[in-house]
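The values are calculated or read from the model by the stated rules, or taken from the named source; none is laboratory data. Because the structure is a prediction, the values reported are computed rather than measured. Positions of Cβ are backbone-derived with ideal geometry, glycine not excepted, and every protein chain shown enters the neighbour counts. Areas reflect the complete protein model, heavy atoms only, side chains present, ligands, DNA and RNA absent. Shrake-Rupley method; radii C 1.70, N 1.55, O 1.52, S 1.80 Å.
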Amino acid sequence: AALLAEEEANAGSGKVVKSKFGAASTKKKGKKNDLALLEDALVGDAEKKTKEKKKLEKIKRDKEAKEATERQLKEKEEQAKRDPLLANTEAMIGLIDDDNDGPTDGQISGRQANKASMEDMQGTGLDSALNAMSVSGGDDRHPEKRMKAAYKAYEEKMMPEMKQTYPGLKRQQYLDKIFASWKKSPENPMNQV
């Protein structure tokens, strides 16, 4: 009993005191009990962890955004190296920021670049200018777009030959034979690739 009385005296009175707002609370001499301290520590740690986690996520997002913009800029520079006319067009319409007034790294821009590229082509007159611009030249990237018209022309050309070679067949049989020969024909745009 003496020990209990001594512990209560050391810990505080512990009696219930009514506050002016009407709530009852246990009054201890400015000290929090162990549960309150533990609760504060746990809540504080959880808040610190969430704040730290959010901060790390924000740093990661910022870093990824910076890398993405750097990647896009690098891709544009590589494309500009491959196609200087496209880079000039983008520079003229303002897609690429040109902070300096003069040409950078020995590159010319705008009208001078277009003139320089045309000088390399050695083109005079309308026909040579069109050939120099290679509007219709170069490798054919979409032969399938011409396939239907090319097949119709091939079919019209081959129908009389098939009728002479195989007389008495029905029309669909002729078309089947023409289509079989079309698959192997050099006139087929898909075979020219």
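Key figures
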quantity: Extended-chain gain in nm, criterion 0.36 nm per residue less alpha-carbon gap, Gln72 and Arg146; calculated: 23.1 nm
quantity: Proximal charge balance of Lys54 [Cβ under 13 Å; K/R count +1, D/E count -1]; calculated: +4
quantity: Cα-projected label distance for Leu175 with Lys49, points at 7 Å along beta-carbon direction, nm; calculated: 7.3
quantity: Computed E for Leu126/Glu155 - FRET, C-beta separation, R0 45 angstrom, nearest 0.05; calculated: 0.80
quantity: Accessible area of Asp176 in the full protein assembly, 1.4 Å probe (Å², nearest 10); calculated: 90
quantity: Sequence of Ile178, Ile59 from largest to smallest accessible area, 1.4 Å probe; calculated: Ile59, Ile178
quantity: Contour minus Cα-Cα distance for Lys163 and Ile59 (0.36 nm per residue); calculated: 29.8 nm
quantity: FRET efficiency for Leu37 and Glu6, using Cβ-Cβ distance with R0 set to 30 Å, rounded to 0.05; calculated: 0.85
quantity: 29 Å Cα-Cα threshold exceeded, pairs from Lys58/Lys81; Lys145/Lys177; Lys74/Lys115; Lys148/Lys170; Lys53/Lys76; calculated: Lys58/Lys81; Lys53/Lys76
